[in-house]
Amino acid sequence: MSHVTTRYFCKGVLGAAAAAALSLPAMAQDPVDGGTLNIIINPEPPILMLGINQQGPTQAVAGKIYQSLLTYSKELEPQPSIATDWEMSEDGLTYTFTLEEGVTWHDGEPFTAADVVFSYDDFLPETHPRWRNVHNRLASIEAPDDHTVVFTMEEPFPAFLMSFSVDNAPLIPKHIYEGTDYLDNEANQTPIGTGPFKFEEWNRGSYIHLVRNDDYWKDGLPHLDEIYFHVIPDAASRAAAVETGQVHMSRAEDIEFFDVPRLAGMPNLEMTTEGWEMYGPLGWLEFNTRVEPIDDVRFRKAVMHALDRDFIVENIFFGLGNPATGPINSATLFQDPDALVEYDYNLDRANELLDEMGLEPGDDGVRVSLRLLPLPYGETWDRLAEYTRQQLSEIGVDAEIEAADAGTWAERVADWDYDMTFNYLYQFGDPAIGVSRSYISDNIRRTLFTNTMGYENERVDELFNLAAGEVDPEKRQEYYSEVQQILTDELPVAWLIELGFPTIYDTRVHNAVTTAIGTNETYDDVWIEE
Amino acid sequence: MIEFWTRFARNKGAVFGLVVLVGVIALAAFAHMLFPQSPWRMTGAPFQPPGAQPGHWLGTDTLGRDIAAGIAHGARVSILVGLVSTAVAVGIGVIAGAVAGYFGGLIDTAVMRFTEFFQTIPSVVLAIVLVAILQPSIESIIIAIAIVSWPPVARLVRGEFLTLRTREFVEAARVIGQSDTRIILTQILPNSLSPVIVTASLMVATAILLESAIAFLGLGDRNMMSWGYMIGAARTVIREAWWMSFFPGFAIFITVLAINLVGEGLNDALNPRLARQGRQ
Amino acid sequence: MATLEFVARRLVWAVFVILGIIIVNFILLRLAPGDPAAIMAGQAGATDEQYIAQLRAQFGLDRPLHVQLYTYIFDVARLDLGFSARQQVPVADLIFQRMPATLLLTGVAFLFSLGVGILLGALASRRAGGWADSFITVLALAAYATPIYWLGLMLILLFSVWLGWLPAYGMATIGGGAGGLAYSLDVARHLLMPALTLGLFYMAVYARLTRASMLEVQDQDFVKTAKAKGLPDWRITRAHVLRNAVLPVISYAGFQAGHLVGGAVLVETVFGWPGIGRLAFDALLQRDYNLLLGVFLFTAIMVIVFNIITDIVYTLVDPRIEVGR
């Protein structure tokens, strides 16, 4: 090691930079205490009370203030956070969590199991839609003593253990919120958690300032003295800020995808798409399967053959992410590549399928005209819509793009008022939480992020149902493999890309992404080189 | 007619403008022959600078679409929006101005207050809001531009009517019992047309600029290639690819310039007594 | 006395315009598609009816339209512009936070365009067909034809990307820290290109106006008299022509100044300038009704204030103007 390093150092400045970049992961460096971490936050969160608002930016900031029982490794293994131990009973109905001792809230009040019960049984069911889904499966939450919490389920639901990341299950101080109007509590403006950083100041439109929690329950942590989240609304300014080192880190979609390769290639910056395993974002072209001729599976297969997913990843998403192959992201549990029906990029095959349907082109070469609703989340998705429109025109399908702002898009998709649109959903680790909701017929609802496609298959319903309640992992895998085979054959949607969201950070920053929730992590172990 | 042309041709800028404008119109008309492929089609490698790939002499965009094809097809949208929205705006403006100027009194006050009210709201902002509310499409863009453009026409026509309505030939028409509508349409309007034509020609230029701004902000019709869209889409990669935003912008510049020059020529030819003062 | 009455009448008119704008915008925006509650819910990653209904009740979106309008007008009268649904802060706060940036940008652009415009126009009028005359003719033609946002981009390309002289985005260097002279210089460097971009068009307009106006005044009797008295040329220009010729230009400029805020939407978008224009565009895309209404109201008030100030200044400076118009 030292030999290699020496040789690189001889090459001068450029060599030194390269050597630093190459050898850092291997060099066991001692963490340095102190320093200020500057992170971009965009868009500015509306509020930092994580129990009330769970938008991405809120999670990233509030994840340093609030904590939950567990966190997760990149392989989605549960890891201790506030809980030191946890245990599932054999029948899969009871979960017992042992809590860390000596934890205090930022205002000095002691943290106990009563706070956990209050958070999960009172506060979150009222304010947090995702937790509400979890809560509906619970028979009771009890605290036998100050450091033990017991959850009892109505029915076995092994995915329960995946529900305790900080964005899904933040712990809320009972002594502040009990008996108040949660949404209207003034304390929402000055969040109090148990995390390594305390809320200090929020200068709207400019920055959010967090400072070190000196009474943090992990000895000697956090390393950092303070964190600034800088609000930079303009994409180009964000790129410039990262490039010039004015901030240490960007996350999620802070940097427009087209700019990522350039920044990633800079010697002072590091880029990773890890840290999103818990969310497993999967992007697709969503069909309204009630609409002719989309209701014919051959049409959907033709569309799948007409879209070159490699081109999409390489040229539209600038290489960030991977081509999607089926309903379960490869980062999510229980994905089975062998069970999937594959579709190559093949315009001839696509045309054949449409011919087979009897969908003949008219004099203008158009077989059918359909509406395409782009996802209003920025340029990349605009380009994807333009690309899709063009590719569909190659197989005689005229897709008219109906641009809409975010509100209109949400309303129209929820109202099933579309033919085709784009969408991407988080999977939250387990198919029972984030995958089945899009395909089971129970969830055909006039609400965003449900089975708005109107896809129905009894066997699919049955398999998802069985898998959700199955305690034995092997059996669950069998169910999920079969469901993946059926879904890739019937194509309720055309899966396009496993999105890769870049975290770009200064090479001097350590431990920026260590778990499946990436930059939403507490950052108690993050440190910066001098 | 000959006199008109002589006066027009005396303004060399106007002749130059006319030549350019004819060129742009020809480009729009023959876009499908010059560039038979759809301008949305990815015909080359992405990010190719001008001339780097044969057949893409203005380069390609982020997805490998030909910039030159985009400019040719984009000319259609610009000209279409420019002409139609101006026609609508002139229609509204002429009616409002004629009514106000001819009848005067309370009607005049009401119409002019309404016009003033419209002029108070910054037109770019109003246009953007309208397009967003009506949902972005070629129709909504035309309507929005027409709605923000009519007040100057109304004021102009009102002014003309105020002076013309007391002239002898109008009085004469009134004496022989012609109806108000008939007097407006056959007596006054034809005589106030020259300044309206000049103003309209300049409004086409403004409309093209406004359309491009709307498209630049991402509120354009997504199914139609337009110059503003091309700049808006290329804005973020300006560091890496100057040509993607430069050429469409230059196309707007040269087209609007040409229309303005032609407008000045029209002014010289139609309003010889005003020509000396230049445009205000 | 006449002046007072005139001012009073303008103020009454202003109140009516503001009321009209509130009502028109309110109706337009409330009837627009897109439900702010649905957007917020969408951004939260998961949605259900209960959550959306909760949000809707939270922001008063479940009440009948006329009640919402009535409430809004009443609130506006107390300078309460409501609550931004998206950002969860009072709209007035957001606007006042962004106002300095926009005022700085538009103010500098306005002064620049007026100052340089009048100067160029005056130069041009001294010798028709001279270099200054040709220059402003060409400049005006170019400025009329250049899309303002494209001009901004090309300036960025030239001065930021290629030459590296000026910062391309924002109002100040991030983390630039302390105030003082260094900070002012930093802001000035950021301001240069946006202000130039925004001001160039109006500069050309004012230059041409000044030129035309001066040519007109030069033909008037009192100037001819002054010439006959043998006063030197420059003194005639300064003392008689300029003063009389510039007034209508300033009046027109005052009328246009409010519209600079509209142009600022584009310029602020291109340069990432953190002002009202940018706020309006973001609010629009996020369907943040209250915020958008607030911004509109604010722009309209700015226009009216500018107009009134100009009218008053005009009447005070030039007693010959008949204020009753």
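The values are calculated or read from the model by the stated rules, or taken from the named source; none is laboratory data. Since this is a predicted model, take the numbers as computed values, not measurements. For neighbour counting, all protein chains shown are included, and Cβ atoms are generated from backbone atoms with ideal geometry for every residue, glycine included. Please note that ligands, DNA and RNA were not included when accessible areas were found on the heavy atoms of the full protein model with its side chains. Shrake-Rupley method; radii C 1.70, N 1.55, O 1.52, S 1.80 Å.
Miscellaneous remarks
- Top-ranked residue in the range B:170-185 [being assigned to a helix (DSSP H, G or I) and open to solvent by 70 Å² or more (accessible area, probe 1.4 Å); ranked as farthest from residue B:94 (Cα to Cα)]: B:175
- Residue match in the range A:81-94 (condition: outside any strand (DSSP E or B), open to solvent by 10 Å² or more (accessible area, probe 1.4 Å) and under 20 Å from residue A:167 (Cβ atoms)): yes
- Single match in A:101, A:155 (criterion: open to solvent by 30 Å² or more (accessible area, probe 1.4 Å), outside any strand (DSSP E or B), under 25 Å from residue A:431 (Cα atoms) and away from chain C (no Cβ under 14 Å)): A:155
- Taking the range A:507-530 as the range and being open to solvent by less than 10 Å² (accessible area, probe 1.4 Å) and over 22 Å from the mean Cα position of the chain (by Cα) as the test, only A:509 passes.
- Some residue of the range B:72-90 being out of contact with any Ser or Thr (no Cβ under 7 Å at 6 or more places or on another chain) and within 12 Å of chain A (Cβ to nearest Cβ): no
- Only one of A:182, A:207, A:177 that is of a type in the set (Ser, Thr, Tyr) and without any contact (Cβ under 8 Å) to a residue 40 or more places away in the chain: A:207
- Positions within the range A:282-314 being touching a Gly at 6+ places or on another chain (Cβ under 7 Å) and either open to solvent by 10 Å² or more (accessible area, probe 1.4 Å) or aromatic (Phe, Trp, Tyr) (or both), in sequence order: A:289, A:290
- Condition met for residue A:110 (touching a His at 6+ places or on another chain (Cβ under 6 Å), open to solvent by 10 Å² or more (accessible area, probe 1.4 Å) and without any contact (Cβ under 8 Å) to a residue 12 or more places away in the chain): no
- Residues satisfying the stated conditions in the range B:59-70, i.e. among the hydrophobic types (A, V, I, L, M, F, W, C), away from chain A (no Cβ under 14 Å) and surrounded by 22 or more Cβ atoms within 10 Å (Cβ to Cβ): B:67
- The range A:122-152, residues that are within 12 Å of chain C (Cβ to nearest Cβ), more than 20 Å from residue A:48 (Cα to Cα) and acidic (Asp, Glu): none
- Residues that are in contact with an Asp or Glu (Cβ under 8 Å, 6 or more places away or on another chain) number at least 1 in the following helices (runs of 4 or more DSSP H) confined to the range B:48-162: B:67-103, B:123-134.
- Residue C:277 meets the conditions (1) open to solvent by less than 10 Å² (accessible area, probe 1.4 Å); (2) under 30 Å from residue C:157 (Cβ atoms); (3) modelled with pLDDT under 75; (4) within 9 Å of another protein chain (Cβ to nearest Cβ) in every case but one. The failed one is (3).
- Residue pairs meeting the criteria (Cβ under 8 Å; at least 6 apart or on separate chains; first under 15 Å from residue A:162 (Cβ atoms), in the range A:332-343; second open to solvent by 50 Å² or more (accessible area, probe 1.4 Å) and not small (Gly, Ala, Ser)): A:334/A:477
- Unique match (being over 24 Å from residue C:141 (Cα atoms) and within 13 Å of chain C (Cβ to nearest Cβ)) among B:182, B:239, B:222: B:239
- Residue match in the range C:14-27 (condition: at pLDDT below 75, touching a helix residue (DSSP H, G or I) at 6+ places or on another chain (Cβ under 9 Å), away from chain A (no Cβ under 12 Å) and loosely packed, with under 12 Cβ neighbours inside 10 Å): no
- Test: residue in the range A:215-224 that is closer than 30 Å to residue A:429 by Cβ, basic (Lys, Arg) and surrounded by fewer than 20 Cβ atoms within 10 Å (Cβ to Cβ): yes
- Taking the range C:137-246 as the region of interest, the helices (runs of 4 or more DSSP H) fully inside it that hold 2 or more residues being modelled with pLDDT of 85 or more are C:148-155, C:180-218.
- Any hit, the range A:458-468, residues being more than 27 Å from residue A:384 (Cα to Cα), open to solvent by 20 Å² or more (accessible area, probe 1.4 Å), at pLDDT below 95 and part of a loop (DSSP other than H, G, I, E, B): no
- Residues that are touching a helix residue (DSSP H, G or I) at 6+ places or on another chain (Cβ under 8 Å) and surrounded by 20 or more Cβ atoms within 10 Å (Cβ to Cβ), drawn from the range A:203-214: A:208, A:210
- The set of residues in the range B:121-162 that are hydrophobic (A, V, I, L, M, F, W, C), over 21 Å from residue C:256 (Cα atoms) and within 12 Å of chain C (Cβ to nearest Cβ) comprises B:130, B:131, B:132, B:133, B:134.
- Test: residue in the range A:401-415 that is away from chain C (no Cβ under 14 Å), among the β-branched types (Val, Ile, Thr) and in contact with a Leu (Cβ under 6 Å, 6 or more places away or on another chain): yes
- For the residues C:196, C:192, C:200, C:114, the requirement of being free of Cβ contacts under 8 Å to residues at least 40 places away in the same chain and more than 10 Å from chain B (Cβ to nearest Cβ) singles out C:192.
- Taking the listed residues A:313, A:303, A:341, the one that is outside any loop (DSSP other than H, G, I, E, B) and over 28 Å from residue A:415 (Cβ atoms) is A:313, with no other qualifying.
- Of A:396, A:378, A:321, all but one fail to be on the phi > 0 side of the Ramachandran plot, in contact with a strand residue (DSSP E or B) (Cβ under 6 Å, 6 or more places away or on another chain) and touching a residue at least 24 places away in the same chain (Cβ under 8 Å); the exception is A:321.
- Those residues of the range A:218-234 which are in contact with a strand residue (DSSP E or B) (Cβ under 7 Å, 6 or more places away or on another chain) and not in a strand (DSSP E or B), in sequence order: A:222, A:223, A:224, A:225, A:232
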